[in-house]
Amino acid sequence: MQIFNNWNVIAKGWYIACPSHEIPKKTAKSVEVCGHKIAIFRGEDGQVRALDAYCPHLGTDLGIGKVDGNWIRCTFHHWAFDETGSCQNIPCQSEIPSQAKLQAYAIEEKYGFIWIYPDAEAPEGMTDFDELKGKEIVAQADIAFERSCHHHICMMNGIDAQHLKTIHHLDIKMDLSLHRSELGTQIDFTMRGQFPQTTWREKLGQRFLGSTYQYSMRYAHGCIGLLTMMKDVRLFPPLFMIYAYTPIAPGRTRIQPIYVTEKRKGLVGYLLSQFLLFCTRLAYYMLRDEDGKIYDNIRFNPKLLLSIDKPLAEYMEYVNQLKPSRWSKNRGVE
């Protein structure tokens, strides 16, 4: 089955449900993730749970229900469900039918958001930057926006070497190295090259950053992109940015940018972290608008790929070996 650029397939992976602050303790809310309605609630213990939204009794949305301890109660007839989706209490009778059960979903809170995996258990957690593993971080979300193409197409922007010259006027010849994770759900692209000195941008970059430049894109589950800029350059630490992609309807993709950096101690450390977040945002805005009109007006059809397009071919191959999720069935996939 082709998964790449296929609106009928939702690959297994981590998708943003909503910002964490929207679900305070003892509250519930329904959200739509990849066209699927999910009820999210935070129990008295502070942990977030996620279930299919509609009560198996008469179909009431549990998102308008009440959190009872660490259960969610349907607002209509007060049936109570635990984090596994099993009904634990029906007020009008003691017997609970075996069919009184909902699909539960794995949850992780990270980078200021609640992320959902389309199964009760996830084989691996949310992806991370290697340089930030084990460190306390600061995350800053920008305003989400939409594009008029499939998220698989948007995601390839970071590894399209040709467009660095044609769109962004960066004449950088880069060597590519690849690494895939054992589960096959993650692929790393690292691009390295020498700074030329033909334009003012390139001369300025070489003066402050050194003669070489490299950046990496880590793709996870075909729906998350982790960009690391300013790798191994002088006078500047790396900049980290996340692109979280969610298909919201055929022909529409939501993109959530998130800036990330290490949390540093003291006032000076705080100011440095904020400065790096600002620099990440600035770099993102310098490039974003130059690409936007392309991805809102594209009919992707890769009939003729060049050797320089090898990263794009590798990415398409990677996506096609991902696994479809149960959410795909709601989009016509058997």
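Taking Cα atoms only, the orientation of helix 200-209 departs from the longest principal axis of the chain by about 80 degrees.
Kirkwood's formula applied to the C-alpha pairs of the chain gives a hydrodynamic radius of 21.7 angstrom.
The packing ranking of peptides 301-311, 274-284, highest mean first, is 274-284, 301-311, where packing means the average number of other beta carbon atoms within 10 angstrom of each residue. Here the stretch 15-117 is assigned +1 on the Cβ of each Lys and Arg and -1 on the Cβ of each Asp and Glu. Its dipole about the Cα centre then comes out at about 160 debye.
Relative to the current alpha-carbon distance between Glu131 and Leu178, full extension at 0.36 nm per residue lengthens the span by 15.2 nm. Between 0 and 90 degrees, the angle of helix 310-320 with respect to the longest Cα principal axis of the chain falls at about 10 degrees.
Relative to the longest principal axis of the Cα atoms of the chain, helix 266-295 runs at roughly 80 degrees. Kirkwood radius for the stretch 58-117, taken over all pairs of different Cα atoms as the inverse mean of 1/r, rounds to 12.6 Å. If only the Cβ of Lys and Arg carry +1 and only the Cβ of Asp and Glu carry -1, the dipole of the chain around its Cα centre is close to 700 debye. For the pair Phe145 and Glu22, label points projected 7 Å from Cα toward Cβ lie 2.0 nm apart. Does the stretch 130-328 come out rounded, prolate or oblate by the C-alpha gyration tensor, with a ≥ b ≥ c the root eigenvalues, rounded set by a/c under 1.5 and, if not, prolate when a/b is larger than b/c and oblate if not? It comes out oblate by the Cα gyration axes. Which residue, Pro257, Pro247, Pro19, tops the fluctuation ranking in a GNM of the chain built on C-alpha contacts under 10 Å? Judging by the Gaussian network model, the answer is Pro19. If the chain linking Ile298 and His77 were pulled fully straight, counting 0.36 nm for each residue of separation and taking away their Cα-Cα distance, it would gain 74.7 nm.
Once the convex hull of all Cα atoms in the stretch 93-156 is built, its volume per residue stands at 229 Å³. Think of each Lys and Arg Cβ as +1 and each Asp and Glu Cβ as -1; about the Cα centre, that makes the dipole of the stretch 130-328 roughly 220 debye. Farthest towards the positive end of the charge dipole of the chain, among the residues Ser307, Ile114, Thr75, is the Cα of Ser307, using unit charges on the Cβ of Lys, Arg, Asp and Glu. On full extension, the segment bounded by Leu282 and Thr60 gains 75.4 nm, given 0.36 nm per residue less the C-alpha separation. When each of Lys29, Lys37, Lys12 is scored by the number of other beta-carbon atoms lying within 10 Å, the sequence from fewest to most is Lys37, Lys29, Lys12.
Each of Met217, Gln274, Gly59 was placed along the dipole of the chain (beta-carbon charges, centred on the mean Cα), and the one lying farthest toward the positive end is Gln274. Which of Leu164, Leu102, Leu204 ends up with the largest GNM mean-square fluctuation for the chain, with Cα atoms connected below 10 Å? Looking only at Leu164, Leu102, Leu204, the largest GNM fluctuation is found for Leu204.
Since every read-out is calculated from the coordinates, none of them should be taken as a lab result. Computed from a predicted model, the values in this text were never measured in an experiment. As a convention, Cβ positions derive from the backbone with ideal geometry for all residues, glycine included, and neighbour counts pool all protein chains shown.
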